[in-house]
Structure formats: structure tokens, C-alpha cells
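Asks: Mind looking over this structure? Questions follow.
A short reminder: the numbers here are calculations on the coordinates, not readings from a lab. Since this is a predicted model, take the numbers as computed values, not measurements. In this analysis, Cβ positions are derived from the backbone assuming ideal geometry, glycine residues included, and neighbour counts consider all displayed protein chains.
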Amino acid sequence: MSHSLDALPLFIQAVAFAAEKHRHQRRKDAHASPYINHPIALAQVLAVEGGISDPLPLCAAVLHDTVEDTETTEADLIDHFGPAIAAVVMEVTDDKDLLKHQRKQAQIDHAPQLSPAAKLVKLADKISNLRDQLEHPPEGWDAERRQAYFDWAARVVAALGPVHPQLEQRFAALMARRGELG
């Protein structure tokens, strides 16, 4: 895919698609923030903090939770965005048929086999989620549960292997702030 402005309409289409799919969903923070803020935050991490302009990971970032958390199917993504973007989204989509602890372990187990684009999305997701844990934690999560999330996120990111030095530094800086959780 082109890395030029030709990709901008595709990215905007992905943002609009994700916004429509997530329109009734809210985050678990005290303010019940609109869910779409999370996928947009991933794209911001990649583009602004990581300097990434490749539409493949950027589109996959905004679409990353559509199959997992909405009625969207892989076929829907293929129809709207093509097989490459759909494949990256499917790589980072948890299998909801598994129990929660199995899904969490599967993320660690599958991380080394992810494509480069999927590894970028996964890393951006963990960066975004750690920021939320620090700044807008899920309501009802105590410090112990938030610390456990940090521990698990560190295991996922370690399993990814080298992905993007700048973004890995962002992740490490957030990990260094875990003492703020209490």
C-alpha cells in the first residue's frame, strides 16, 4: 500500500467504520468515555509518537476491536478494507470462546508469531491501556488489579520481541510509573 496521502481516505473510512460500530459502547472509566477514543488513541500512538504513516497498521489500529467487541465479522472487514487490513485485525482479535485467563495467556503465546503490523497494533494497544490505567482507570479496579494488568501487559510486550524502539521506550516509561498505582 502507498504511504502517501492516497491512503488518507482509507484511514478516514476506517475511523468512520469503527466509530459507527462502537457508537453505543463506553470505556470502563469513571466518566464512561466513548469507546471510539481508544482506537483513535492507538492510531495517535502509532502516527504521532511512532512516526508511522503506513495505512496498514493505522487502519488496523482503529479497527482492532471491531470483531472482538461488535457484530463485525472478518468478511465485513475484507469487504470494506481488503484482506491485508482484515488479516491484521484478526491477528490481534481475542477468541471470545476462550475463558478470560485463557485469552490473556493466548496473547502472550501468540505475540511472537504476529506480523510486523500486528505487533505495532498490539504495542500501541498496551501503551494506550497503561495510560488509561494510570490516568483514567476502570471504575472499581483497585491498585492490585491494576498492578496485575501492568504485569500481564509487560509479558505480552516482552513476547512481541523488538517492534519499534521509540514505542518500546514509551511503554517502558509507562511501566516505570506503575508505582503511581498505589
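Asks: Which of the residues that make up the range 13-42 are in a helix (DSSP H, G or I), free of Cβ contacts under 8 Å to residues at least 60 places away in the same chain and either under 14 Å from residue 71 (Cβ atoms) or touching a strand residue (DSSP E or B) at 6+ places or on another chain (Cβ under 6 Å) (or both)? Write out each step before concluding.
Replies: Here is the first cut: in the range 13-42, the ones in a helix (DSSP H, G or I) are 13-21, 37-42.
Those still in the list that are free of Cβ contacts under 8 Å to residues at least 60 places away in the same chain too: 15-16, 18-21, 37, 39-40.
Scanning the range 13-42 gives 18, 20, 21.
Asks: Still on this structure, please answer the following. What number of residues in the range 91-123 are part of a helix (DSSP H, G or I) and in contact with a Leu (Cβ under 8 Å, 6 or more places away or on another chain)?
Replies: Residues of the range 91-123 that are part of a helix (DSSP H, G or I), as a first pass: 91, 100-113, 116-123.
Keeping just the survivors that are in contact with a Leu (Cβ under 8 Å, 6 or more places away or on another chain) gives 91, 106, 111-112, 117, 119-123.
Number of matching residues: 10.
Asks: On to the next question. Just checking, how many residues over the range 126-182 are within 21 Å of residue 37 (Cβ to Cβ) and not in a helix (DSSP H, G or I)?
Replies: So the answer is 7.
Asks: If the requirement is being buried (at least 16 other Cβ atoms within 10 Å of the Cβ), under 22 Å from residue 136 (Cα atoms) and in contact with a Leu (Cβ under 6 Å, 6 or more places away or on another chain), which of these qualifies: 61, 14, 41? Lay out the reasoning, then the answer.
Replies: Working: 14 fails: under 22 Å from residue 136 (Cα atoms); 41 fails: in contact with a Leu (Cβ under 6 Å, 6 or more places away or on another chain).
Going through 61, 14, 41 in turn, the sole match is 61.
Asks: Among residues belonging to the range 113-122 that are more than 15 Å from residue 154 (Cβ to Cβ) and not polar (S, T, N, Q), point out the one that is nearest to the chain's Cα centre (by Cα).
Replies: Filtering first and then ranking leaves 121.
Asks: Can you tell me how many residues in the range 44-70 are in a helix (DSSP H, G or I) and touching a residue at least 40 places away in the same chain (Cβ under 8 Å)?
Replies: 14
Asks: Filter the range 83-127 down to the residues that are of a type in the set (Gly, Ala, Ser) and without any contact (Cβ under 8 Å) to a residue 24 or more places away in the chain and list them by number.
Replies: If we filter the range 83-127 for residues that are of a type in the set (Gly, Ala, Ser), which is where we start, we get 84, 86-87, 106, 111, 115, 117-118, 124.
Listed by number, the residues that qualify are 86, 106.
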